[in-house]
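Q: Can you read through this structure? Questions will come right after.
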Amino acid sequence: MSNPPPSQPVERNSEIVARVADDIASLPAAEWDSCAGDANPFVSHAFLSAMEESGSVGPGTGWKSLPIIIEDENGAIAACLPSYLKSHSQGEYIFDQQWAHAFESAGGQYYPKIQIASPFSPVPGPRLLLRDETMAVPLLRAAEQLAKNNGISSVHATFVTEEQLDHFRAAGWMIRADSQFHWRNDGYADFDGFLAALSSRKRKAIRRERKKAQETVQITHVSGDDITAEHWDYFWEFYQDTGARKWGTPYLTRAAFDLLHQKMGEKLLLILALQDNIPIAGALNVIGADTLYGRYWGCTRDIPFLHFEICYYQAIDAAITRGLKFVEAGAQGSHKLARGYQPVPTWSAHYVVDPGFRSAIADYLDRERQAVAADIEFLAEMGPFKKST
């Protein structure tokens, strides 16, 4: 399926007309960001256009940009969706492959589908980018109509903020629950202040891990203009190693890191471990308005507990130093629980065109939400913090 041309409306509701643009990079950055806001960098024009311009999204990737926009009377963007036409379910971190298998076993065609997301980023954030809140449901109706008009099975919005769920509910979309582990800053003055909130046994275990991890390396934080091309060359080696071990082919191209540095370098933080002044491991973090987002990690030497040190403990240090409220260290990972990261719900929303398939999924999601809530409650009780008496 090819994109409808930019001049072709996909939904008309009274005086509201939505259309599909060629890509995000071609849209005015200031107009896009006026809808996206500045709290979450993963829906910014800088991040999303870097994914396109670097070739991480586009031909050959299974991600085709399909941004849906609504303009005001002056032709400026009033609302938009970071949406993509997808030929697979990779790079989403919300797994629907079983849905695809079931639908295709029944004779349907699940792919392509429409994905409303920040590519390769399991980061909760706004998915309805709104300068005008009244445009929320019309945007969703436009996505639905685009799917119906082009024989597309479904539309999926992943890692939706809880604050936006009511818009999806109002449009009749199905809500799915999952969970992640986030660290919360309860006003700690420093890392020791955080440790003081933990039980004695967990506090001692973390100190042992940190001591062991730091025995043979020096750790440095590099951000903004202090990040050099050489730093990125080392980090690219780390990223490729992790990508090859986890999913075969890394999602991002080498050019993506250069473009991210060029477009939003002030929001990037590299945490590196060095031996003899040579980086041997590192983690890339993105700095939001109140959150430090841990995104990618890799190493060329296996050192006990170094992953925990760089990705979790150093991130906590950085968040406290910067006065940030949260650290989000990515998808999955119950091992984060013992290190002070607490279980929180995450959300996605789904529209399925076929009514029979939609009914089956809705029943499944009802049961899944109950199971996720029970799991979060159980894990929270198992956390490392002192129990109140």
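Q: Among the residues of the range 237-246, are any part of a loop (DSSP other than H, G, I, E, B) and surrounded by 19 or more Cβ atoms within 10 Å (Cβ to Cβ)?
A: Taking the range 237-246 and keeping what is part of a loop (DSSP other than H, G, I, E, B), we get none.
Scanning the range 237-246, I find no residue that is part of a loop (DSSP other than H, G, I, E, B) and surrounded by 19 or more Cβ atoms within 10 Å (Cβ to Cβ), so the answer is no.
Q: If you scan the range 69-123, which residues turn out to be closer than 30 Å to TRP297 by Cβ, of a type in the set (A, V, I, L, M) and part of a helix (DSSP H, G or I)?
A: Residue satisfying the conditions is ALA100 alone.
Q: A further question on this structure: From VAL160, VAL155, grab the single residue that is open to solvent by less than 10 Å² (accessible area, probe 1.4 Å) and either modelled with pLDDT under 95 or under 30 Å from ALA338 (Cα atoms) (or both).
A: It is VAL160.
Q: Sort through SER34, SER26 and tell me the only one that's over 26 Å from ILE175 (Cβ atoms), out of contact with any strand residue (DSSP E or B) (no Cβ under 6 Å at 6 or more places or on another chain), assigned to a helix (DSSP H, G or I) and polar (S, T, N, Q).
A: Just a single option satisfies the conditions, and that option is SER34.
Q: Would you check which residues across the range 248-270 are open to solvent by 20 Å² or more (accessible area, probe 1.4 Å) and among the hydrophobic types (A, V, I, L, M, F, W, C) and list them?
A: Of the residues in the range 248-270, the ones open to solvent by 20 Å² or more (accessible area, probe 1.4 Å) are 248-251, 253-255, 258-259, 261-263, 266-267.
ALA255, LEU259 - these are the residues of the range 248-270 that are open to solvent by 20 Å² or more (accessible area, probe 1.4 Å) and among the hydrophobic types (A, V, I, L, M, F, W, C).
Q: While we're looking at this one, here's another question. Quick one: ALA329 ticks every box in (1) open to solvent by less than 10 Å² (accessible area, probe 1.4 Å); (2) closer than 30 Å to ASP186 by Cβ; (3) in contact with a helix residue (DSSP H, G or I) (Cβ under 7 Å, 6 or more places away or on another chain); (4) of a type in the set (A, V, I, L, M) except a single one, so which number is it?
A: (1)
Q: Just need a number here: residues in the range 52-68 that are assigned to a helix (DSSP H, G or I) and either of a type in the set (S, T, N, Q) or in contact with a strand residue (DSSP E or B) (Cβ under 8 Å, 6 or more places away or on another chain) (or both).
A: 1
Q: Return the pairs, sorted by first residue and then second, in which the second residue is of a type outside the set (Val, Ile, Thr) and assigned to a loop (DSSP other than H, G, I, E, B), the first residue lies in the range 186-206 and is under 16 Å from ALA318 (Cβ atoms) and touching a residue at least 12 places away in the same chain (Cβ under 8 Å), the beta carbons are less than 7 Å apart, and the residues are 6+ apart or on different chains.
A: Between residues of the range 186-206 that are under 16 Å from ALA318 (Cβ atoms) and touching a residue at least 12 places away in the same chain (Cβ under 8 Å) and residues that are of a type outside the set (Val, Ile, Thr) and assigned to a loop (DSSP other than H, G, I, E, B), the close pairs are PHE194/TYR188; PHE194/GLY340.
Q: Of the residues that make up the range 317-338, is at least one among the hydroxyl-bearing types (Ser, Thr, Tyr), at pLDDT below 95, assigned to a strand (DSSP E or B) and under 23 Å from the mean Cα position of the chain (by Cα)?
A: No, that holds for no residue.
Q: Name every residue in the range 99-127 that is free of Cβ contacts under 8 Å to residues at least 60 places away in the same chain and open to solvent by 30 Å² or more (accessible area, probe 1.4 Å), in order of residue number.
A: Listed by number, the residues that qualify are HIS101, GLU104, SER105, GLY107, GLN109, TYR111.
Q: Select from the range 271-316 the residues that are among the hydrophobic types (A, V, I, L, M, F, W, C), assigned to a strand (DSSP E or B), over 17 Å from the mean Cα position of the chain (by Cα) and surrounded by 20 or more Cβ atoms within 10 Å (Cβ to Cβ) and list them in ascending order.
A: If the condition is that a residue be among the hydrophobic types (A, V, I, L, M, F, W, C), assigned to a strand (DSSP E or B), over 17 Å from the mean Cα position of the chain (by Cα) and surrounded by 20 or more Cβ atoms within 10 Å (Cβ to Cβ), then ILE271, LEU272, ALA273, ILE280, ALA281 are the ones that fit.
Q: Any residue that is closer than 19 Å to ASP22 by Cβ, in contact with a His (Cβ under 8 Å, 6 or more places away or on another chain) and not basic (Lys, Arg) - is there at least one of those in the range 50-70?
A: Checked the range 50-70: at least one residue is closer than 19 Å to ASP22 by Cβ, in contact with a His (Cβ under 8 Å, 6 or more places away or on another chain) and not basic (Lys, Arg).
Q: Within the range 45-70, can you find the residues that are β-branched (Val, Ile, Thr) and over 19 Å from ARG254 (Cβ atoms)?
A: ILE68, ILE69, ILE70
Q: Restricting the search to the range 253-272, which residues are of a type in the set (Gly, Ala, Ser) and under 16 Å from SER223 (Cβ atoms)? Give the derivation first.
A: Initial filter on the range 253-272 (of a type in the set (Gly, Ala, Ser)): 255-256, 265.
The answer is GLY265, and nothing else.
Q: From the list ARG208, ARG184, pick out the single residue that is within 22 Å of ARG295 (Cα to Cα) and open to solvent by 50 Å² or more (accessible area, probe 1.4 Å).
A: ARG184
The values are calculated or read from the model by the stated rules, or taken from the named source; none is laboratory data. Worth saying up front: this structure is predicted, and the values here are computed from it rather than measured. Glycine also receives a Cβ, built like all others from the backbone with ideal geometry; neighbour counts cover every protein chain displayed. Just the protein is used for accessible areas: all its heavy atoms, side chains included, with ligands, DNA and RNA removed. Shrake-Rupley method; radii C 1.70, N 1.55, O 1.52, S 1.80 Å.
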